1. For Lys67, give me every one of the lysines with a C-alpha distance below 22 angstrom, ignoring sequence neighbours fewer than eight places off in its own chain.
2. Against the longest principal axis of the chain, how steep is helix 10-66, in degrees 0 to 90 to the nearest 10, with axes from Cα atoms?
3. For Tyr28 paired with Met42, estimate the spin-label separation in nm (one decimal), with each label point 7 Å from Cα along the Cα-to-Cβ line.
4. Please state the charge dipole magnitude for the chain, taken about the Cα centre, from unit charges on C-beta atoms (+1 on K and R, -1 on D and E), reported in debye and rounded to the nearest 20.
5. Loop only per DSSP, at most 13 neighbouring Cβ atoms within 10 Å: give me the chymotrypsin sites (Phe, Trp or Tyr not before Pro) in the stretch 33-89, ordered by residue number.
6. Could you list the trypsin sites (Lys or Arg not before Pro) in the stretch 65-95 that lie in coil according to DSSP, counting only those with at most 14 other Cβ atoms within 10 Å of their Cβ?
7. What is the extension gain from Gln62 to Lys94, computed as 0.36 nm multiplied by their sequence separation minus the C-alpha to C-alpha distance, in nm to one decimal?
8. Which entry in (1) 1.05; (2) 1.73; (3) 1.01 is this structure's computed Rg/Rh (Cα atoms, Kirkwood Rh)?
Amino acid sequence: MARRRYVLKTRVKLMIVMLILGYFLVTYVQQELRIREQHAKMEQLQQQIEQVEELNADLERQIEYTKSPEYVEKVARERFGWVKKGEIKFIEKKN
């Protein structure tokens, strides 16, 4: 019993190699696009973090200002109409 040996032709071998390379190329491009998309999301999130940190710093400054004597005096004058000794308060009549 003689065994027949199957030999692939050069064209078939070339087609198989091209299909394999094509598969890897498509996979590589898809992964590269996903990576770029993730980097863009990370940059966007980093910008949001920076904006929130700036807002947080502003709020902390406002909190510190509300603890200052200047703020207490300002609020007392505006809301309650308080005046210091020797000051005269003028009240405007509304028509």
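1. Lys84
2. 10
3. Distance between label points: 2.2 nm.
4. Using Cβ point charges on Lys, Arg, Asp and Glu, the chain gives about 1180 debye.
5. Sites meeting the loop and neighbour criteria: Trp82.
6. Answer by residue number: Lys67, Lys84, Lys85, Lys89, Lys93, Lys94.
7. This chain segment gains 8.2 nm when fully extended.
8. (2)
Each value in this text was obtained by applying a stated rule to the coordinates, not by laboratory testing. These numbers were taken from a predicted model, which means no experiment stands behind them. Every residue, glycine as well, gets a Cβ built from its backbone with ideal geometry; the counts of neighbours run over all protein chains shown.
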